[in-house]
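Student: This is the structure I have questions about; it appears just below.
The values are calculated or read from the model by the stated rules, or taken from the named source; none is laboratory data. Note that the structure is predicted; figures quoted are calculated from it, not measured. Glycine gets a Cβ as well: all are built from the backbone with ideal geometry, and neighbour counts include every protein chain shown.
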Amino acid sequence: MRKFFLTTLSILMWILFLISCFILMPVLLFIWAVTWPFDRNLWLVHRFSCFWGAFYIWMVPLWSLKIEGRKKLKDNHVKILVSNHQSFADILIVNSLFRHFRWTSKVENFKMPFVGWVLTLNRSIKIYRAAGDAFQKFKDQAVKSLAEGNTLAIFPEGTRSRTGEMGKFKEGAFMLALQTKTDIFPMVLDGSAKAIPKKGWVLTGRSKMILKVLDPIPYESFKDMTPGELSLKVHGIIQSALKELRKN
């Protein structure tokens, strides 16, 4: 009975996703076209994209989300957001912050219907993982975006966790922070691994998700570190915070 219920609910969720994409995509295009002359940094386009992502969390009855520390994020402070990564639902969770930022995403995602179109309209940063000059391509886009006043959101694990436990961080985000002298804002999330499984499409049950914005790490506090050292430092901070969340 439980399996039948979850399968039925999952089918309804994916139908909702598909229908909403056909409805909301033209709205996003309209907002982009109308606001382009005076909103070249896409603040309104991004805000609507945040609504689009948060909409699914609001609509799926098995999902709940708690956000802590949102007030630490000020849109006039350019920064690099880094978080652990458990599920596709993490994108919806981070969008629910309703703060201005640019996503970074592997270039293959830009080729996906709807998802790729939203990434493109928001001028998200492409990651060419298979390229020999992958970091340089990433850096060229990221430096330009930061200079234009955009915060960046990065999952430094590079992929979703299969177990919900944190994987090793790649160094790209931390090389960028060092080279651009940009503050890092670590975030920890939990509970999303079961929301949308990495393999499969059926919901696994109730998911109480949480996103916590941790204390910022100013550039001055890590300017003498190597990217590897900084990566380990931030990984440790987020991992400790994840353990604390799971105690409560």
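Student: State which residue is farthest from VAL213 (Cα to Cα) when the search covers only the stretch 228-248 and only residues that are of a type in the set (S, T, N, Q) and assigned to a helix (DSSP H, G or I).
Tutor: Applying the filter and picking the extreme gives SER231.
Student: Same structure, new question: Can you name the condition, by its number, that ALA130 falls short on among (1) surrounded by fewer than 17 Cβ atoms within 10 Å (Cβ to Cβ); (2) closer than 26 Å to MET25 by Cβ?
Tutor: Looking at each condition in turn, ALA130 falls short on (2).
Student: Can you tell me how many residues within the stretch 53-85 are aromatic (Phe, Trp, Tyr) and crowded, with 19+ Cβ neighbours inside 10 Å?
Tutor: Final tally of qualifying residues: 2.
Student: Separate question: Can you name every residue in the stretch 204-225 that is polar (S, T, N, Q) and surrounded by fewer than 15 Cβ atoms within 10 Å (Cβ to Cβ)?
Tutor: The answer is THR204, SER221.
Student: Over 23 Å from TRP14 (Cα atoms) and not hydrophobic (A, V, I, L, M, F, W, C): does that describe SER105?
Tutor: no
Student: Taking the conditions exactly as written (out of contact with any Gly (no Cβ under 8 Å at 6 or more places or on another chain), in a helix (DSSP H, G or I) and in contact (Cβ under 8 Å) with a residue 24 or more places away in the chain), does VAL45 satisfy them or not?
Tutor: So VAL45 passes the test.
Student: Just to be sure before I move on: is PHE101 in contact with a helix residue (DSSP H, G or I) (Cβ under 9 Å, 6 or more places away or on another chain), surrounded by 22 or more Cβ atoms within 10 Å (Cβ to Cβ) and not charged (D, E, K, R) in the structure I sent?
Tutor: Judged against the criteria, PHE101 is a match.
Student: How do the pairs read when you match residues in the stretch 221-247 that are among the basic types (Lys, Arg) with residues anywhere that are part of a helix (DSSP H, G or I), using Cβ under 9 Å and keeping only pairs 6 or more apart or on different chains?
Tutor: Close Cβ pairs satisfying both conditions: LYS223/LEU178; LYS233/PHE174.
Student: Kindly indicate the residue of the stretch 109-130 that is of a type in the set (D, E, K, R) and touching a helix residue (DSSP H, G or I) at 6+ places or on another chain (Cβ under 9 Å) and also farthest from SER145 (Cα to Cα) among those meeting that condition.
Tutor: ARG129
Student: Only residues that are of a type in the set (Lys, Arg) and either under 28 Å from PHE98 (Cβ atoms) or modelled with pLDDT of 95 or more (or both): list them for the stretch 207-248, please.
Tutor: LYS208, LYS212, LYS223, LYS233, LYS243, ARG246 - these are the residues of the stretch 207-248 that are of a type in the set (Lys, Arg) and either under 28 Å from PHE98 (Cβ atoms) or modelled with pLDDT of 95 or more (or both).
Student: I'd like the residue in the stretch 202-225 that is in contact with an Asp or Glu (Cβ under 9 Å, 6 or more places away or on another chain) and in a loop (DSSP other than H, G, I, E, B) and, out of all such residues, is farthest from ILE91 (Cα to Cα).
Tutor: PHE222
Student: While we're looking at this one, here's another question. I'd like the full set of residues that are surrounded by fewer than 20 Cβ atoms within 10 Å (Cβ to Cβ) and small (Gly, Ala, Ser), limited to the stretch 146-164.
Tutor: The answer is ALA147, GLY149, GLY158, SER161, GLY164.
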